[in-house]
1. Give me the angle, in degrees from 0 to 90, between the Cα long axis of helix 207-218 and the longest principal axis of the Cα atoms of the chain, rounded to the nearest 10.
2. Rounded to the nearest 0.05, what FRET efficiency is calculated for residue 149 and residue 311 with R0 set to 35 Å and r the Cβ-Cβ distance?
3. From Cα pairs below 8 angstrom and at least 6 apart in sequence, can you work out the relative contact order of the chain, rounded to a whole percent?
4. Return the lysines within reach of residue 365: Cα separation strictly under 20 angstrom, same-chain partners fewer than 8 residues apart disregarded; answer none if there are no such residues.
5. Ignoring any ligand, DNA or RNA, what whole percent of the accessible area of segment 169-302 comes from carbon and sulfur when the probe is 1.4 angstrom?
6. For segment 214-367, what is the relative contact order in percent, using Cα pairs closer than 8 Å and at least 6 residues apart in sequence?
7. Out of the DSSP beta bridges found with both residues in the chain, what percent are antiparallel (nearest 5)?
8. Modelled label-to-label distance, residue 57 and residue 128, 7 Å Cα→beta-carbon offset: nm?
Amino acid sequence: MSKAHRVAVAVLAASALLVPGAQPAQAGASRQATTGPAATDRSGYHVLTLRRAAPRDLRIGTAAAGGGHHVDQPYPDPFTYDQPYRRVLAHEFNSVSPENQMKWEFIHPERHTYNFGPADAIVKFARRHGQVVRGHTLLWHSQNPAWLQDGQFTKDELRAILKEHIVTVVGHYRGKIQQWDVANEILNENGEYRQENIFIRELGPGIVADAFRWAHQADPKAQLFLNDYGVEWPGAKVDAYEALAKQLLADRVPLRGFASQAHLSTRYGAPDQLAAVLQRFDALGLHTAITELDVRMDLPESGVPTAEQLQTQATYYKTVLDACLAVAGCNSFTIWGFTDKYSWVPVFFPSEGAATVMWDDFGRKPAYYALRNTLAAAHWGR
Ligand code: XIL
């Protein structure tokens, strides 16, 4: 075992001793920056959490694990069954995004059947724990039910189906969703509309504006977002989103925000121009957000990241948080799951992993402390 490896394992072992934050933090607990395990009380509970460390004008979120890839894993539905997981979810975060439970295939499994139960449970949990909810998502090319993808619908029918879906789902959660990812991944890397999106292909790009209008009618208070990956660096995709945002605003479409998913890999550099990208949308009067941050890495044969890899990962997480903190209208910062135990990464990116801020047992990685220290040093009204 190399020295670096030993250090990594020692960090892992030390953090494994900590009980996941099971209790509400004490009133008046310190908001000062602290490092590592010192931020626990005598019984080992984490007193300073991400949500407590954050400035009041920034929500700190995570995906609530369930559906999607989880269905094929050898464990029951994480959000519903894993009590220690739920405690950390409640304790550390003040925003929650259903990872799959509001996607078409989940919430609208048959043409005339809606399945609101699992998403309702998340919304209820969020209310109980003082958390806002990010709705995800309404217009996407992926995770659509077979009845929709394979159905033989006329254009008029398809348009009516989309409208009914948006009005029904957004209306069901009216007043309970802070932000909706209305349009998800609608452009490709060249900035062209994705033809895999059945609605865009069949009805044309004008359907995007309609989706925003319908969502706004159903819940006028929800902030409506464009959301995508590959927009962490300037380029054709960002240019196209900027042009689209300008056009939508000129047409008085109720667009309120632009979000970077930020699914990152240490194979590529840290997104050091992200603040400048977000700033371009801030300048249009839009909110901005980080909605799905994770930082995957190539795992060594042992499967255990080296200390150096963990440090690099922490730097990436901090770079993204710093970018959000640097932009006044960046009001929401969400990581795509907080524990490797339930991460989508190893399922979708073979040989990569360890992408979240906690180990399987909820022990904190350097990336967790990098986020918490950065949040604690940030100020309200940036
Ligand atoms: C992922 C989920 O994490 C998985 O559980 C699911 O199997 C596939 O989708 N961009 C998005 C998210 O907008 O909805 C995706 O979530 C990850 C990429």
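1. 80 degrees
2. 0.20
3. 19 percent
4. Straight-line reach from residue 365, under 20 Å: 3, 318, 341.
5. Result for segment 169-302: 46 percent of the exposed heavy-atom area is carbon or sulfur.
6. Here the relative contact order equals 22 percent.
7. Approximately 15 percent, going by the DSSP bridge assignments.
8. Spacing of the two 7 Å Cα→Cβ label points: 3.3 nm.
The values are calculated or read from the model by the stated rules, or taken from the named source; none is laboratory data. These figures come from a predicted structure and were not determined experimentally. So basically every Cβ, Gly included, is an ideal-geometry build from the backbone, and we count neighbours across all protein chains shown. In case anyone asks, the SASA skips ligands and DNA or RNA and just uses the protein heavy atoms, side chains included. Shrake-Rupley method; radii C 1.70, N 1.55, O 1.52, S 1.80 Å.
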